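Read through the structure below, which is laid out as structure tokens, and then see the notes.
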Amino acid sequence: MPTQIKFGTSGWRAVMAEDFTFANVRRAVNGIARYVSSQKSAGARIIVGRDPRFMGETFCSIAAEMLSAYGIIPLLITEAAPTPAIAYAVLHEKADGAINFTASHNPPEYNGIKFSTADGAPALPEVTERIEAEIARDNQPGGGKRASIEALDPKPAYLTRLREVVDFSAIRKARLRVVFDPLWGSARGYSDCLLREAQIDVAVVHDARDVLFGGHAPEPDDRLLENMRATMRQKKAHIGIATDGDADRFGIMDEDGSFLQPNYIIALLFDYLVESRQWRNGVGKSVATTNLVNALANYHQVQLHETPVGFKYIGELIKEDKISIGGEESAGLSIRYHVPEKDGILAGLLCCEMVARRGKSLRMQLEELFAKVGSFYPLRENFRLTPDIKEKFTEKLRFDPGTFAKRRVSEVVRKDGLKLVLDDGSWVCYRLSGTEPVVRVYSEAPSEAGLQALSADAKRWIFE
């Protein structure tokens, strides 16, 4: 029985040599090619790119040959390229989409396929469902006239775009010292190139290709950024910026070496864009992202758009120019007039600009936000469930509780999972994983002590 290939919030991912095999890659690409052919019978052009993972070049070659067999022109990127650069290339080249071989921040034994549509955005569920249906049909590749494979370098156009949206002169004038950690990923030669070009003092760690990413997931999380922290101390840097394997996620470190969780970075940049760009058209966030964004939207009198989890929903708001910035607590964001896709490179560079122009550390800026709209302390936890507990808890999630841990529930939100907002503004959100017996629990309270108590209540509610 062939492996069922399902495209989740960010494409299909699997362990190499188990489910991510040559045969399954061919099945997936064949399904995408058939979908593209159904949308455009002749002259379609699809970009094919990758992150630096093992065998990425081979997978790209396979995809290019298969697209060519359908008469689809493959625009083949030979070097590892960031996901946001590939997304921008779709728009810049007026291509019909992109196949991107990446497993993003997943461990090195994983690889994946992400499909973007002609708008540069992650494919929406209605598209991926049609691709999955084509994969299930398991038809043989087309045998018509082959299309020529063309080479594409997305870097120049993407860097030009970043020069337009980031104020590098402000960063230079502030004499900011920056440390950049691409975590051996596809952002190598992007963030650092722009900073050096602008004569900004930047040091880089992990500036080499390593398909094992140092032996761990290429995730820009606090626990994996010790080398960046050490280099910051050595250089007396004002800020550290990191990206994940395909550079769609970010990790930001303050001058004292403290890591600021993505929830806070999204809120800070939202506040900064209102102040610096006067952008007041809206703000977007997933249901699991901090309500500090909600409070700031109310403070600035900006319309709030709350979406299900998955950046494709925020991407739609960017395409429609309904928001100045959109973000998810999982370290994805983009801004107005940019790609409708997560951009970790842009996030880091905008943080540099924000620190430079405000002349204050990130922690000081966050304290000022709390003084304006109140304090918010968010947390995400995962809990594994036995089959019996999962069945019982799934049933429990169907009902709207009036109370939670003996406290009144003031609002129930069902945009994605179950979010319970309590009478003091604290909240908890439960989302069951679709791929493993895990429930993801997001909590937020107005104090650290309150968060600790809420976290305990949230766990108890699962197993009681």
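The values are calculated or read from the model by the stated rules, or taken from the named source; none is laboratory data. The model shown is predicted, which means the values in this text are computed figures rather than measured ones. So basically every Cβ, Gly included, is an ideal-geometry build from the backbone, and we count neighbours across all protein chains shown.
What pairs come up if the first residue lies in segment 382-401 and is under 17 Å from V441 (Cα atoms), the second is part of a loop (DSSP other than H, G, I, E, B) and among the hydrophobic types (A, V, I, L, M, F, W, C), and their beta carbons are under 8 Å apart, counting only those six or more places apart or on different chains?
F393/L385
Inside segment 62-95, can you point out the residues that are among the hydroxyl-bearing types (S, T, Y) and over 14 Å from R146 (Cβ atoms)? Spell out how you get there, then give the answer.
We begin by selecting, within segment 62-95, every residue among the hydroxyl-bearing types (S, T, Y); these are 68, 70, 78, 83, 88.
Selection gives T78, T83, Y88.
Please note which strands (runs of 3 or more DSSP E) are completely contained in segment 370-456 and include at least 2 residues that are surrounded by 15 or more Cβ atoms within 10 Å (Cβ to Cβ), touching a helix residue (DSSP H, G or I) at 6+ places or on another chain (Cβ under 9 Å) and of a type in the set (S, T, N, Q). Outline the logic, then answer.
On the way: elements: 377-384, 407-413, 418-422, 427-432, 438-445.
Here the list is empty.
Being touching a Lys or Arg at 6+ places or on another chain (Cβ under 6 Å), in contact (Cβ under 8 Å) with a residue 24 or more places away in the chain and of a type in the set (A, V, I, L, M) is the requirement here; does V441 meet it? First the steps, then the outcome.
On the way: touching a Lys or Arg at 6+ places or on another chain (Cβ under 6 Å): no; in contact (Cβ under 8 Å) with a residue 24 or more places away in the chain: yes; of a type in the set (A, V, I, L, M): yes.
No, not satisfied.
Looking for whichever is in a strand (DSSP E or B) and either among the charged types (D, E, K, R) or touching a Pro at 6+ places or on another chain (Cβ under 7 Å) (or both) here; the options are A217, A242, A203. Which one fits?
Numbers: A217 fails: in a strand (DSSP E or B); A203 fails: either among the charged types (D, E, K, R) or touching a Pro at 6+ places or on another chain (Cβ under 7 Å) (or both).
So the residue among A217, A242, A203 that is in a strand (DSSP E or B) and either among the charged types (D, E, K, R) or touching a Pro at 6+ places or on another chain (Cβ under 7 Å) (or both) is A242.
Can you tell me which residues in segment 1-37 are part of a strand (DSSP E or B) and charged (D, E, K, R)? Break it down stepwise before answering.
Quick first cut of segment 1-37, residues part of a strand (DSSP E or B) only: 8-9, 11-16, 20.
If the condition is that a residue be part of a strand (DSSP E or B) and charged (D, E, K, R), then R13 is the only one that fits.
Identify the residue in segment 65-74 that is of a type in the set (A, V, I, L, M, F, W, C) and surrounded by fewer than 22 Cβ atoms within 10 Å (Cβ to Cβ) and, among all such residues, is nearest to R26 (Cα to Cα).
As a first pass, look at segment 65-74 and keep what is of a type in the set (A, V, I, L, M, F, W, C): 66-67, 69, 72-73.
Within this subset, residues satisfying the condition of being surrounded by fewer than 22 Cβ atoms within 10 Å (Cβ to Cβ) are 69, 73.
Details: A69: 12, I73: 17 Å.
That would be A69.
What do you reckon, is V339 part of a loop (DSSP other than H, G, I, E, B), under 22 Å from F250 (Cα atoms), outside the structural domain of I86 (by TED's automatic domain parsing) and not basic (K, R)? Let's see the steps before the verdict.
On the way: part of a loop (DSSP other than H, G, I, E, B): yes; under 22 Å from F250 (Cα atoms): yes; outside the structural domain of I86 (by TED's automatic domain parsing): yes; not basic (K, R): yes.
It is true that V339 is part of a loop (DSSP other than H, G, I, E, B), under 22 Å from F250 (Cα atoms), outside the structural domain of I86 (by TED's automatic domain parsing) and not basic (K, R).
Mind listing whichever residues of segment 330-369 are surrounded by fewer than 19 Cβ atoms within 10 Å (Cβ to Cβ) and within 17 Å of L162 (Cα to Cα)?
The answer is R336, Y337.
It is to be established whether one or more residues within segment 263-270 are in the same structural domain as G185 (by TED's automatic domain parsing) and assigned to a strand (DSSP E or B).
Within segment 263-270, the subset in the same structural domain as G185 (by TED's automatic domain parsing) is 263-270.
Adding the requirement that they be assigned to a strand (DSSP E or B) leaves none.
No, the conditions are met nowhere in segment 263-270.
Determine which single condition E164 fails, assuming it passes every other condition in (1) of a type in the set (D, E); (2) under 25 Å from S37 (Cβ atoms); (3) modelled with pLDDT of 95 or more.
Failing condition for E164: (2).
Could you figure out which of (1) farther than 21 Å from K342 by Cβ; (2) within 21 Å of the chain's Cα centre (by Cα) isn't true of F213?
(1)
Within segment 80-116, count every residue that is surrounded by fewer than 20 Cβ atoms within 10 Å (Cβ to Cβ) and within 17 Å of the chain's Cα centre (by Cα).
1
Checking K6 against (1) at pLDDT below 95; (2) touching an Asp or Glu at 6+ places or on another chain (Cβ under 7 Å); (3) in the same structural domain as T102 (by TED's automatic domain parsing), only one condition comes out false. Which one?
(3)
Residues of segment 220-239 being in a loop (DSSP other than H, G, I, E, B) and surrounded by 13 or more Cβ atoms within 10 Å (Cβ to Cβ), which ones? Full working, then the answer.
Residues of segment 220-239 that are in a loop (DSSP other than H, G, I, E, B), as a first pass: 220-221, 225, 236-238.
Residues satisfying the conditions are P220, D221, L225, A237, H238.
Any residue at all in segment 168-176 that's among the charged types (D, E, K, R), out of contact with any helix residue (DSSP H, G or I) (no Cβ under 8 Å at 6 or more places or on another chain) and free of Cβ contacts under 8 Å to residues at least 12 places away in the same chain?
no
Can you name the condition, by its number, that G327 falls short on among (1) within 17 Å of the chain's Cα centre (by Cα); (2) part of a helix (DSSP H, G or I)?
(2)
In the list E381, E436, which residue meets the criterion of being touching a strand residue (DSSP E or B) at 6+ places or on another chain (Cβ under 6 Å) and over 29 Å from E275 (Cβ atoms)?
Values: E436 fails: touching a strand residue (DSSP E or B) at 6+ places or on another chain (Cβ under 6 Å).
E381 is the lone residue from the list that is touching a strand residue (DSSP E or B) at 6+ places or on another chain (Cβ under 6 Å) and over 29 Å from E275 (Cβ atoms).
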